Amino acid sequence: MSANIAARMSVDDEIGPAVDEKPKIEHLERYNVESKEVDDVIMKSSFEDLPWKKTWVVFRKAALMCIFASFSAAADGFQVSMTSNIVANKGFIQTYGTIIDPKTGGPKLDADILAAWGGIQSAGQGIGMLTQHFVADRLGRKAAFYALWVSLLIAVALESFGRDWRSWLCAKLFSGFGVGSVQFMTGMYMTELAPSRIRGFLLIFYSAWYGIGQLCSSLALKVMNDKSPYNYLTPIYTEWAMLGLMAIVYVIIPESPFWCASVGKHDKGRAVMKQLNGGIEGYDVDYHYNIIKRSIEKEQSYQKQIDGESHGFLTELRNVKEVFIGINGFRTLIAFWPACVQQIGGLAVLSSYSSYFAQQAGFGDPFLFSLLLALVAIVCTLVEASLIDLIGRRSLFLIGSITVWVMCMVVGGLGLMTNRSASVNRLVLVFSLFWRLGSTLLGNLGWAYVAETGSSRLRAKTAGIAAAGGVCLGLVFNTSVPYMLNTTGANWQLKTAFFFAGISTPFVVASFFLIPDTSRRTPAELDEMFRKKVKPWRFRSYVTDAQKALNEDRARRGEMDPARLQQNA
C-alpha cells in the first residue's frame, strides 16, 4: 500500500450526517482509491484485518509489551483490596478504633471515620484522573507513570509507619491519587500500542491482573487473620514488593508513539514502532507511523479551527471544555457511562466495603467472602477476555447491566426476611457472587471504553475526565454506604441492594440506546464513525470509508498485499 495514499488528507473535513450504514461489504458500491473521494480518508492498515490468532503471532512483540505494562494493575488491585478489607482485621480495629463497642467493650471503628477514609480515597482518585492527563500530554506517558508511582510510595510509607486514623486518612489520599492514575493511564497506554484486532483482549487482560492483585491481597489477609488475627502490619509490608514490580515495569516500557506524534518527536515515535513491529515481514514503519501522525494532525486541525493556536498550559487548560461539547462531549459521556452504571449498581457494597457488608449480612468469615469475590472476578475476567473481541463490547455490557440489576433485586428481596437461617445466608452468598460477576463485567468494559472512546488527540483528557466522573459517583457511595449498612445508621443491611436496583433502572434502559461497540476498530475509524454520528447500535456492522478504500486497494493490488502474505504464511 503506497504511503502517498495515506498522506493525502484535507484539514477542512466537515462533520456530516450518518451515511450508508449497510452492514455487508458485498452490497456496497465500489470505492475508487485513486479518486478525490479518499483525499480526506486516513487509510487503514491491511494488517488490521488479519485473523485474531495470526495477529497474535505477527504482532507478538507489541502484545507482550502490553501484557508487561498491564502487570502494574496487579499492584493496583493489591493496594485497593488491602486498604479496603484490612478494616475488618482485629489488630487494625484495635489500633484505629476510636469508639467503644457496647457489645464487646472493646474498640470499634467509627462509621464517620470509615466514611472519611472511603471519601478521601475517592477524592484522591478524582484528583489523579483530573490532573495526570496534563502530565501525560505535556511530558509523556512514562513521566505520568513515574509521578503516580511516587504517590503510591508515599501512601505505603504512611500505611506502614502511621498509627493514627489521620495518618491513614493521608495514606488514603495519596493511594487514591496513584490508584486512580494507574486505572485510566494503563488502559490508555495499552490502546496506543495494541493492534486493534486484539486490543479488547489485552485491555481485559489488564483487568485480570487487577483481579489477581485483589485475590493475592485477600489471600494474604485471610492467611494472616487465621494465623495472627491481631497482626495487620505484615500484609501492609507486602505492598512494598508490589511497588518494586511497578518500578521495573515503568522503567522498561517504551514511550507511546501517539504521544511522540502529538508533540513532534517523530524520530522517537518511529523508533518505538520499529522496536515493536520492525521485524514483521512487509511492515512499513514509516507508512504505519504516518497513519498515527495524520490522525493526530487531523484532530489538531479541528482544535485550531475551534480555539486557534495554542499558547501554552493556560490555553490547554481552557481548551479542556472540548471534551464536554459536541461530538467529543458525546464520546466523553460514552467513556463515563460504564463506570456510572457500575457505581450505581452497588460497586461500593461489594468492593470498598465487601468485608463490612459480609459482617452485616451475617457471614461468619468476612475475609473468606472477600476471597470468593476476588475469585469470581478473576474467572469472570478470563472468560470475558476470550469473548470480548468475538461478540463485542456492547453485548457484554448489556449482559452485565441486566445481571447487576436482577441480583440487586434478589439480594434486596432476601433482606426482607427476618431471622434468616444458615441456608438463606448461603443463598445470599451465591447471589452476591453473581452480583459481583455482573459488576466485574461492567468494570472491565468500563476501562476498555475509557481507553478507546476518546479521539486520537483528546484520548488522555477524555479518559481522565470520564474516569473522574465515575470516581465522583464512587465518592458519593463510599461515604454513604457505611451509613446504609451500619446498625447505628439506616441499618438497611441487605435491603441496601434495593436502593441500587431503583436508581440503576433508568441507566440500564438507556444503555441499550447509548453504548456502541468499539471492537476491532482503529482510532481513525472510531474518529470517522463519531464524526458521522453513526447510531451506537450500528457500530459493529458499519463499514468505514477507510475499510472501503482498503478493500478497493486490495482488489487492485491482489497478492502484493503484505498482510495477505502474512495471513497465508
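The values are calculated or read from the model by the stated rules, or taken from the named source; none is laboratory data. In this text, all values refer to a predicted model and were calculated from it rather than measured experimentally. Virtual Cβ from ideal backbone geometry, glycine too; neighbours counted across all protein chains shown. Surface areas here come from the heavy atoms of the whole protein model, side chains and all, with no ligands, DNA or RNA. Shrake-Rupley method; radii C 1.70, N 1.55, O 1.52, S 1.80 Å.
For Met417, only one of the following conditions fails: (1) over 22 Å from the mean Cα position of the chain (by Cα); (2) closer than 28 Å to Phe512 by Cβ; (3) not aromatic (Phe, Trp, Tyr). What is its number? In the conditions (1) over 22 Å from the mean Cα position of the chain (by Cα); (2) closer than 28 Å to Phe512 by Cβ; (3) not aromatic (Phe, Trp, Tyr), Met417 misses (2) alone.
The residue of the range 473-496 that is nearest to Leu445 (Cα to Cα), among those that are out of contact with any helix residue (DSSP H, G or I) (no Cβ under 6 Å at 6 or more places or on another chain) and at pLDDT 80 or above, is Val476. How many residues does the range 60-96 hold that are open to solvent by less than 20 Å² (accessible area, probe 1.4 Å) and either among the charged types (D, E, K, R) or not in a helix (DSSP H, G or I) (or both)? Number of matching residues: 2. Per the conditions (1) in contact (Cβ under 8 Å) with a residue 24 or more places away in the chain; (2) open to solvent by 10 Å² or more (accessible area, probe 1.4 Å), the sole criterion not satisfied by Ala143 is (1).
What are the residues in the range 163-186 that are among the hydroxyl-bearing types (Ser, Thr, Tyr) and surrounded by fewer than 23 Cβ atoms within 10 Å (Cβ to Cβ), if any? Quick ask: steps written out before the conclusion?
The initial filter retains those residues of the range 163-186 that are among the hydroxyl-bearing types (Ser, Thr, Tyr), namely 167, 175, 181, 186.
Hit for the range 163-186 is Ser167, nothing else.
Answer yes if at least one residue in the range 538-547 is open to solvent by 10 Å² or more (accessible area, probe 1.4 Å), in a helix (DSSP H, G or I) and of a type in the set (Ser, Thr, Tyr), and no otherwise. Within the range 538-547, none of the residues are open to solvent by 10 Å² or more (accessible area, probe 1.4 Å), in a helix (DSSP H, G or I) and of a type in the set (Ser, Thr, Tyr).
Every listed requirement among (1) open to solvent by 10 Å² or more (accessible area, probe 1.4 Å); (2) closer than 25 Å to Ile248 by Cα; (3) at pLDDT below 85 is met by Asp137 save one, (3).
One residue is enough: does the range 286-295 have a residue meeting the conditions touching a Ser or Thr at 6+ places or on another chain (Cβ under 7 Å), in contact (Cβ under 8 Å) with a residue 40 or more places away in the chain, crowded, with 21+ Cβ neighbours inside 10 Å and within 27 Å of Lys321 (Cβ to Cβ)? The answer is yes, given that some residue of the range 286-295 is touching a Ser or Thr at 6+ places or on another chain (Cβ under 7 Å), in contact (Cβ under 8 Å) with a residue 40 or more places away in the chain, crowded, with 21+ Cβ neighbours inside 10 Å and within 27 Å of Lys321 (Cβ to Cβ).
Of the residues making up the range 247-285, just one is assigned to a helix (DSSP H, G or I), in contact with a Pro (Cβ under 7 Å, 6 or more places away or on another chain) and surrounded by fewer than 18 Cβ atoms within 10 Å (Cβ to Cβ), namely Gln275. The residues in the range 76-94 that are out of contact with any Ser or Thr (no Cβ under 6 Å at 6 or more places or on another chain) and within 15 Å of Asn225 (Cβ to Cβ) can be counted, and the count is 8.
Got a number for residues in the range 187-201 being in a loop (DSSP other than H, G, I, E, B) and either open to solvent by 10 Å² or more (accessible area, probe 1.4 Å) or of a type outside the set (Val, Ile, Thr) (or both)? Let's see the steps before the verdict.
Filtering the range 187-201 for residues in a loop (DSSP other than H, G, I, E, B) gives 194-198.
Then drop every residue that is not either open to solvent by 10 Å² or more (accessible area, probe 1.4 Å) or of a type outside the set (Val, Ile, Thr) (or both), which leaves 194-197.
The total comes to 4.
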